[in-house]
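Report on the following structure.
The values are calculated or read from the model by the stated rules, or taken from the named source; none is laboratory data. No experiment lies behind these values; they were computed from the predicted model shown. Cβ placement follows ideal geometry from the backbone for every residue including glycine, while neighbour counts extend to all protein chains displayed.
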Amino acid sequence: MKAIVWAVLVLLLAAPLALGGEADTEKVDNPQYKSWAAYKPGTMVKQQMTSKMTMGGQETETKTTMTSTLKKLTAEKAVLAIVVEVNVGGKKMTQPAREQEVPAKVDKKATTQPAAPAGTKMTKKGEGDEEITVGGKKYKTHWVEWHMVSDRAEMTSKTWTTDAVPGQMVKMTSDMTKPMAVKTTSEMVELKLVK
């Protein structure tokens with residue numbers, strides 16, 4: 001059960017930071033890098049995620065906090081320190097801190113659709129602009145909703161992003177129906193900007 005929980009969390013946590021899709025040859029500016037490059041090291045974004053998983057008639061709630069801190073910025077990449085704390089069924093687990101590189105240039109396709117495992121069919125369900133309140137502050141955001149299906153999994157996700165926040169994501173919801181039922185909500189809960 002723990003292995004499944006971790007697998008789901010890795011998928012959900014990686015999605016906003018992933019560089020997505022199959023490789024192509026045209027490189028373009030990475031919006032993720034650009035959003036971090038506007039700030040200095042020490043800039044921090046904290047996301048709080050709540051997932052409710054139903055398996056075998058039993059529901060498990062998982063609360064996850066992911067803190068991303070800008071450690072280094074060059075013309076080629078931003079280097080983030082990522083700390084993830086997970087509370088599953090009342091048991092707290094902390095992953096060792098890890099570094100993640102956000103390249104300045106990415107394949108063009110990575111800027112138009114999220115990452116997905118090979119064999120996954122991606123269908124955009126809609127997109128638009130919306131002002132939402134997150135962490136007590138209003139943000140003008142752009143949202144995109146995707147439906148992802150493969151022979152092993154099916155999920156619908158909706159992400160609200162803004163250029164006003166490093167990493168861009170302020171909110172995300174997802175509803176996985178296969179291989180198990182998992183409903184997830186993630187929101188930015190803390191922001192520290194260093195200019």
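Per-residue answers, yes or no, for (1) among the β-branched types (Val, Ile, Thr); (2) assigned to a strand (DSSP E or B):
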residue: Gly42; (1), (2): no, no
residue: Met49; (1), (2): no, yes
residue: Met53; (1), (2): no, yes
residue: Glu59; (1), (2): no, yes
residue: Thr67; (1), (2): yes, yes
residue: Lys71; (1), (2): no, yes
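Given the criterion under 20 Å from Ala115 (Cβ atoms) and at pLDDT below 95, identify the matching residue among Val45, Val79, Val10, Val86.
Only one candidate qualifies: Val10.
Which residues, taken from segment 122-141, are of a type in the set (D, E, K, R) and surrounded by 11 or more Cβ atoms within 10 Å (Cβ to Cβ)?
Matches in segment 122-141: Lys124, Lys125, Glu127, Glu130, Lys137, Lys140.
Show the residue pairs that are 6+ apart or on different chains and have beta-carbon atoms under 9 Å apart, the first residue being within segment 86-112 and within 23 Å of Lys27 (Cα to Cα), the second being among the β-branched types (Val, Ile, Thr) and not in a strand (DSSP E or B).
Sorted first by the residue in segment 86-112, then by its partner, the pairs are Ala104/Thr74; Asp107/Thr25; Lys108/Thr25.
Please enumerate the residues belonging to segment 66-80 that are under 20 Å from the mean Cα position of the chain (by Cα) and over 14 Å from Val194 (Cβ atoms).
Met66, Thr67, Lys77, Val79
Regarding Gly167, is this residue free of Cβ contacts under 8 Å to residues at least 40 places away in the same chain and on the phi > 0 side of the Ramachandran plot?
Judged against the criteria, Gly167 is not a match.
Pairs under 9 Å by beta carbon, first residue closer than 25 Å to Lys34 by Cβ and touching a residue at least 40 places away in the same chain (Cβ under 8 Å) in segment 53-77, partner loosely packed, with under 12 Cβ neighbours inside 10 Å and of a type in the set (Phe, Trp, Tyr), six or more apart or different chains?
So the pair list comes out empty.
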